[in-house]
1. Rounded to the nearest 0.05, what FRET efficiency do Asp694 and Leu569 give with R0 = 35 Å and r taken as the Cβ-Cβ distance? Could you check?
2. How much length is gained on full extension from Lys116 to Tyr652, taking 0.36 nm per residue of separation minus their Cα-Cα distance?
3. When the expected Rg is taken as 2.2 N^0.38 Å, what fraction or multiple of it is the alpha-carbon Rg of region 515-664?
4. When only Cα pairs under 8 Å and 6 or more residues apart are kept, what is the percent relative contact order across the chain?
5. With the crude spin-label approximation of a point 7 Å out along Cα→Cβ, what separation in nm comes out for Asp485 versus Ser208?
6. Between Rg and the Kirkwood Rh of the chain, both from Cα atoms, what is the Rg to Rh ratio?
7. So what J values fall out for region 560-568 if you push phi through Karplus, 6.51 cos²θ - 1.76 cosθ + 1.60 with θ = phi - 60°, rounded to Hz, Gly and Pro as x?
8. For region 611-679, restrict the atom set to alpha-carbon positions and state the Rg and Dmax in Å.
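The values are calculated or read from the model by the stated rules, or taken from the named source; none is laboratory data. What you see is a predicted model; the values in this text were computed from it and never measured. Here the Cβ is made from the backbone with ideal geometry for all residues, glycine too, and neighbour counts use every protein chain on show. With ligands, DNA and RNA removed, areas are computed over all heavy atoms of the protein, side chains included. Shrake-Rupley method; radii C 1.70, N 1.55, O 1.52, S 1.80 Å.
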Amino acid sequence: MSQDDVPVPIPNLKAPQYFFVLSDSKLSHLHDEARKGLVKLIQDDEMAPYYASLPPMKPALLDATALSTIQASNSTNLENLDKALASAYDTEGESEISDALRARANYLTKIGDKEKSVEAQKLAMEKTPGLGARIDIVLTLVRIGFFFADQDIIKIYTKKAELLVEEGGDWDRRNRLKVYSGMQLLSIRQFERAANLFIDALPTFTASELLDYNDFVTLTVIAGTLVLKRVDLKKKIISSPEVNQVLPDIPSLANFTKSLYDSEYAKFFVSLAAMEQTQLLPSRLLSPHARYYVREMRILAYAQILESYRSLTLQSMSTAFGVGIDFIDNDLQKFISSGRLNCTIDKVHGIVETNRPSSKNAQYETVSPSTGPRDNGHLKVFTLQIHLCKMPWINGFETNDVRFETSLTGDGSDAMNFDCDYSAATVILYTDEDLRGHGMTFTIGRGTEVIAGNDGSGMICQVVAAIKQVAERLMGKETEKLFQDMGKTWDLLMGDAQLRWIGPEKGVIHLATAAVGNALWDMYARSRQKPLWKLIVDMTPEEFVRSTTFRYITDVIKPAEALEMLHKLESSKAERESRVRDIGRVLYPAYITSAGWLRYDDRKVAALTRAAIASGFTHFKMKVGANFEDDQRRARLIRSILDDPKSFPADYQPPPATTLEGKNAGPTGCVLMMDANQVWDVEEAIEYMKGLADAKPWQATSSTS
């Protein structure tokens, strides 16, 4: 990488960090330094747009004269950059145009104009031919995301950078990307994945445009201490020359990891408290995770000391950690009750007793609900199942707002949803092991977002925001306890006393809970190494009933009645599964809508209908209800193709007549259905469908609400 290619720190991420400190009254001891640093950065980088985006402060950071000077400089520089760009377009080649576009984009990025800088960088990327230069632009976009705390920008362009680097990024850019990716993971509480990337980049760190080296080492130590095994902690952190090089500059870091490794727990608690006050709470990146981090480090320290003893007194633990007995007692009780520590407290004798099995016998027995008791003389003998004692627990999640501009092509269009953008709010649930679960809920674009005002946060996906609220209810929960009774788990997700007011089984909360519920079911299936359908098929009647919440439906069916029904059919379940696996499309037909979206032109409708026939479909659905003449023409077109034997392959065999009874099928055995998506009233639906009768529709679904 040449000197010209070395990235510069734009936008300068120290600015939002300074503002974060100034905005927290609890950090008042840092306000003077932060204020001076922020004012200097705004003036040095001429950040008038960024300054304008900040809420008013008293006293103001800049006086009117200073602000006017910066704004005038912005106008002059942008005017000159626009002239240079126009000249490049008029007289220069592609390389010069690319340079001019990048210069303009970088200036907008430097001064903190979010919207204009993002658009300018995207335009520069389109016009820039070199792979390395395009990677640099994408990483600049990631920095813009970090600067404005925009997770969507961060995730989108971090992923794009990964794809570009895979195409042939050089060593330096690959190494810098590890730091960017680690920062993104750290921001969503994925400490283990972040630590692995940081440690890998530690000896060859070059991402100084993103953060200072000392700050990078600090993040590496903080993440690594939480997640690394003892032997790796010694090798990769404590004995690391890169870490030891900066320790004299960061006193709070110096004793933190070493005291934990050396089992000096009183010293560790002091250093953990110092770490919280000096590194976690004042950090814009780490502050949201400070409470979580301190809690997890306390659990780690408690687990480490308990690993060495079968029992020990509360007094000895109090002495070891340098805190009072009541503190130790209350802290341990909290973590024991949540299943995070394998021990019990004998209150009478003041003794903590470990109840974890040995590593070779880390199993416990539970009564299997699948078999129940069986008589053996006068005794009830239970069949037992063995499970691993250490169970994964949910420790994080990641959300995404994924959108596809289907309104531009007419995909998914119908009479009620004419210009929808098919979208999904997605969530990934993480555990302390490799197990994870992916879920989504379907949305159609603009209807799922809310404008968040002029606070610099931009547009927030309402469903994604709700998913975060729902997913938080699973944090710290053991997966097996959730899987054991998925009906109760659903009630847990729906049971937030305050969120219920805007839900629960309707609207945005229902959509959000669907995504989290889907992710949990996916995790359940992955834990059993089965596809989800097979997981459900293999359930016993008891497991199936426990997986269902019967809230509001017990007037129709009660759990005992459902259990009785399932037991009656249990003996034939294997045969029915085998039959479903063996049968083909004739007995269980599927229909296709892809050929019949409302806004498709006739040529596309005809081509997609023929393609569907070639794929084996015999049941077709078209969207209707916006314009009668258009619907009549499209219906006749589709029916003419379906009824023409020439549309089918030579070896085509129509479905058996018995499967087509009452379906208004044509001579080739094809069935046409219509869907109005609730656009009509009752009488209108009747009259409208009478006019389409010559196309021989089988049914009109969703005609009215």
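1. Taking R0 as 35 Å, the efficiency between Asp694 and Leu569 is 0.20.
2. Fully extending the segment from Lys116 to Tyr652 adds 187.2 nm.
3. Working it through for region 515-664, the quotient is 1.46.
4. It comes to 7 percent, rounded to a whole number.
5. 5.9
6. Taking Rg over the Kirkwood Rh, I get 1.03.
7. Each residue's phi maps through the Karplus curve to give 5, 5, 4, 4, 5, 4, 5, 5, 5 Hz.
8. In Å, with Rg to one decimal and Dmax whole: 13.0, 40.
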